[in-house]
């Protein structure tokens, strides 16, 4: 029996696990072991709105991974609640650790790295060290949002603009919302027209967009507020500070041999990790594409296809990355985005993202989407 181990229970890892388990019997017997510290899948696409109290129900943000895989027999699927600590590609072994059970060595025939990425600090816009930690941080931030009069968001990428938009839409007449961008616009690497529209829509929602300013230092005052020293020398006192910059891949368990200068896993045209044997990397952790939902799903499907081809002794298929693209909502009634250099009309972004893809959440976790 082929033993396939997947590290990471987020978008790419969950998608790959279900697609492997749904392969027809003619591909041969296989078992999938999913290693993740999280008991629940976190639909962080909705997190910018989930930071606001009363906006999204808990079950629309968190769903049990074990329940999502209960249709598979134990000889086909195993869930290991642990975090990867080290990888030996020569021995084909992973060491994973959990707070309750300590270290465990897991052997594999094929390994998929899908450990995702993290954000600076304990802001639950990405999953934290465990489901419990993510839930607790989310509830704490919801309480802070409710009780704060001034909120500063640092970092004007997609996440920062979405958070600022959600806050502005809900609280424009009640709270002062400030968005800091280190560049001359927002949404760095996007076309100028997209950046300009985002600034316009944020301003319409009452968000104060400060360009070419970033946080040089921050400290918490005795009364719980934050003092921010900006790169230009000015100081801001705010009730709440939300950093949305500093995305880092979760690759601390890997040798630097397999990583690029930014810590992402280097893969070949087939999504295999260079120099690691039968090891694949997909989703945020991979250097192939940006950290987004659609590329994660596409990579998961392609990696599964190539793994099945390799099991059959057939040639692998090269993965074709899409042009850099992104789409975001700014509040509930505006949005912007682009595919390569083509600007996506605002109404189309709003239509596509109006539900934050929550209708795909349960089908993703239980596998019916695949």
From the residues in segment 245-258 that are surrounded by 15 or more Cβ atoms within 10 Å (Cβ to Cβ) and at pLDDT 95 or above, which one is farthest from residue 220 (Cα to Cα)?
258
Going through (1) over 23 Å from the mean Cα position of the chain (by Cα); (2) free of Cβ contacts under 8 Å to residues at least 12 places away in the same chain one by one, residue 57 fails only at (1)
All but one of (1) in contact (Cβ under 8 Å) with a residue 24 or more places away in the chain; (2) under 30 Å from residue 97 (Cβ atoms); (3) out of contact with any strand residue (DSSP E or B) (no Cβ under 7 Å at 6 or more places or on another chain) hold for residue 319; state the number of the condition that does not hold.
(2)
Can you pull out the residues in segment 231-258 that are touching a residue at least 40 places away in the same chain (Cβ under 8 Å), under 22 Å from the mean Cα position of the chain (by Cα), closer than 30 Å to residue 142 by Cβ and assigned to a loop (DSSP other than H, G, I, E, B)?
244, 245, 246, 247, 250
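The values are calculated or read from the model by the stated rules, or taken from the named source; none is laboratory data. Computed from a predicted structure; not experimentally measured. Positions of Cβ are backbone-derived with ideal geometry, glycine not excepted, and every protein chain shown enters the neighbour counts.
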